[in-house]
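Below: the structure, in structure tokens.
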């Protein structure tokens, strides 16, 4: 543990502050089960919700191995396992599900426990590639464990179950699905029990066959707990490669008793959380902060086995050498916040994640958009992989791989994936490159699985232009000047979908005419948002956007209307809940800020570029009140840690205002002091302290900022400054000041 003031004053483990149940209601879609940072396995209860667990549902169908935190569609839930007693009377987990109450349920990082009304206690913990379950049964000769290979959160394709000996069960599960469907993917498991079975059998459909060692849909194993030992432990190893991979993962990470694994998982989380020490703030504020920090480290997930093997997107077996292969890429979400947080607090893993994305390009033929395991789902639109990788480049994570990454990004930026590949890439690129905008072609048939860029032409144009700006910077720094000029020019394409007659962005059809309802609150042609919400998604050229809107005064008036600023100053928390968009899927028919979705994540920081930086803090601090210490305490779907990372970065007071570049906007921290322990391989000083003595609801306005004791007047810092600084100090007061209002204070235009 570090000897910072925060650590010295702490009487409890940081893991004790984490509430894994936050976000398990109101479609936050988080899970409360056991995992380790970036683990392959997320062992968690399934209660019937599409993504696994909902707090208001109190019948558990099983404890399954795979869960993606905060996603909006069903996926995973592989091999739900449930302890029961008595005869096997059903093979449908919705029927044999066990009732429980929340009074008998608890969770902490790396551990979950529930007492079932059947009289069985179930406990879960995990390593990177295994899940460990401990069941305490009543005294009975029929203590069963059901291993259901035929039901999960995805669509069943094929399954096989084998009982290998009197302690071991092996399964192969192939499924598909996620929002609009996917190609099939396969997982392999091996489960090893700590005591021999007294009986066993398998099932196919509704037919249960006692004594059978092979089956299609599931297996049961039975124990006698009348001899005084009423506990059964089972360790399940997972592999996306093959059965030998699962067996190898079991040999590498299994074999330890439950309590030892639980302690190691807790220690792994403690080490992660301890890299951020906070001083000040209420107990609730600290609980919500560390819970969000915890969720930020849940994904992407380890994809390579203990021996380094992984299944590539060409469905061939490869071996990761000198890096860990990661998978599961919700890039439309994570490129805005979580990728940046990981580059700051987990740069070694973030490097391997970026290299894993490049491996997808090499082995699969194109860069991904929303990848799960070995398949492309093509969910969401635009070009999120570009800012994801350009940010990695800006952070120094691609050292030695810069040109390799640039070649992949250039091909993606200038072309469209071949028809025989599953990736959509920049689907509307021909029109965008040729005419300066992605057309809105309502009802155009989809050519591949997933979301079509043609159905959301206005927002897609904005996303493409943002990505072009970030790629232009990378190209120029690598010496590709002509490419840089071309991409910088394309980065201004947002102007081509600006309708001067309405003063808002609008979609254009194939002929170039503005199309759809002109009401900017409606959202036609915008993906999960409206023109009101997307109008701020020009972080690469906010000075240019301000000019389009009629200058700073007009832009500030519009920002004030968007955030309901007059009401916000009188009642921040009430405005956040009652005036702003409130609902995880309330994407359309709104002219107000939506803190529930990714489109507006950078919007509060627009004031940094309009000469009123104090309003950024007011909006950000109001939005932070939406994060609470209970099951409904998330804003929208967490989307693989995206919303949680927004919370963490905004609470610290540094935020990636130009995702894909190296600028971090400044706002008032919510803690008196934050001590960041940084990896000296990427941050030579190894630490950064952020202070804001006396920060509170009544003293939240920046009066001045100092970097290592020297006065600093800009509203942003660069990654270079963060790498070379020991301290970032905010002086705060009860009223706005002139800090950050100078001519050169705003983040730079990148076009």
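Go through (1) modelled with pLDDT of 95 or more; (2) assigned to a loop (DSSP other than H, G, I, E, B); (3) under 29 Å from residue 190 (Cβ atoms) and name the single condition residue 28 misses.
(3)
If the requirement is being more than 24 Å from residue 541 (Cβ to Cβ) and buried (at least 23 other Cβ atoms within 10 Å of the Cβ), which of these qualifies: 586, 564, 622, 573?
Going through 586, 564, 622, 573 in turn, the sole match is 622.
Just checking, which of 593, 534 is touching a residue at least 60 places away in the same chain (Cβ under 8 Å), under 26 Å from residue 498 (Cα atoms), crowded, with 19+ Cβ neighbours inside 10 Å and touching a strand residue (DSSP E or B) at 6+ places or on another chain (Cβ under 7 Å)?
534
Would you tally the residues in region 213-227 being farther than 14 Å from residue 135 by Cβ, within 42 Å of the chain's Cα centre (by Cα) and surrounded by fewer than 24 Cβ atoms within 10 Å (Cβ to Cβ)?
Matching residues across region 213-227 total 4.
Please count how many residues of region 441-461 are touching a helix residue (DSSP H, G or I) at 6+ places or on another chain (Cβ under 6 Å) and either crowded, with 24+ Cβ neighbours inside 10 Å or closer than 16 Å to residue 425 by Cβ (or both).
Going through region 441-461 one residue at a time, the tally reaches 5.
If you scan region 424-473, which residues turn out to be under 12 Å from residue 487 (Cα atoms) and in contact with a strand residue (DSSP E or B) (Cβ under 9 Å, 6 or more places away or on another chain)?
Listed by number, the residues that qualify are 466, 469, 470, 473.
Conditions tested, residue by residue: (1) over 26 Å from the mean Cα position of the chain (by Cα); (2) under 21 Å from residue 549 (Cα atoms); (3) in contact (Cβ under 8 Å) with a residue 40 or more places away in the chain.
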site: 429; (1), (2), (3): yes, no, no
site: 434; (1), (2), (3): yes, no, no
site: 438; (1), (2), (3): yes, no, no
site: 445; (1), (2), (3): yes, no, no
site: 456; (1), (2), (3): no, no, yes
site: 460; (1), (2), (3): no, yes, yes
site: 475; (1), (2), (3): yes, no, yes
site: 484; (1), (2), (3): yes, no, no
site: 492; (1), (2), (3): yes, yes, yes
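For a quick check of your reading: which strands (runs of 3 or more DSSP E) sit entirely within region 210-301 and have at least 3 residues that are over 20 Å from residue 64 (Cβ atoms)?
So the answer is 276-279.
Pick from region 722-741 the residues that are more than 13 Å from residue 667 (Cβ to Cβ) and over 30 Å from the mean Cα position of the chain (by Cα): which of them is surrounded by the fewest Cβ atoms within 10 Å (Cβ to Cβ)?
735
Checking the conditions here, which among 494, 487 is in contact with a helix residue (DSSP H, G or I) (Cβ under 8 Å, 6 or more places away or on another chain) and under 21 Å from residue 441 (Cβ atoms)?
Only one candidate passes the filter, namely 494.
Those residues that are part of a helix (DSSP H, G or I) and either surrounded by fewer than 23 Cβ atoms within 10 Å (Cβ to Cβ) or within 20 Å of the chain's Cα centre (by Cα) (or both), I need them from region 394-405; list them, please.
Those that are part of a helix (DSSP H, G or I) and either surrounded by fewer than 23 Cβ atoms within 10 Å (Cβ to Cβ) or within 20 Å of the chain's Cα centre (by Cα) (or both): 402, 403, 404.
Table: residues versus (1) more than 22 Å from residue 265 (Cα to Cα); (2) buried (at least 23 other Cβ atoms within 10 Å of the Cβ); (3) touching a strand residue (DSSP E or B) at 6+ places or on another chain (Cβ under 8 Å); (4) modelled with pLDDT of 95 or more.
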position: 65; (1), (2), (3), (4): no, yes, yes, yes
position: 68; (1), (2), (3), (4): no, yes, yes, yes
position: 96; (1), (2), (3), (4): yes, no, yes, yes
position: 107; (1), (2), (3), (4): no, no, yes, yes
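Grab the strands (runs of 3 or more DSSP E) fully contained in region 306-389, keeping just those with 2 or more residues being surrounded by 22 or more Cβ atoms within 10 Å (Cβ to Cβ) and modelled with pLDDT of 95 or more.
Here the list reads 309-311, 370-372.
Would you tally the residues in region 73-86 being in a loop (DSSP other than H, G, I, E, B) and in contact with a strand residue (DSSP E or B) (Cβ under 9 Å, 6 or more places away or on another chain)?
The number of residues fulfilling the criteria is 8.
The values are calculated or read from the model by the stated rules, or taken from the named source; none is laboratory data. Remember, it's a predicted structure, so these values are computed and weren't measured experimentally. Don't worry about glycine lacking a Cβ; one is built from the backbone with ideal geometry, like all the others, and counts go over all protein chains shown.
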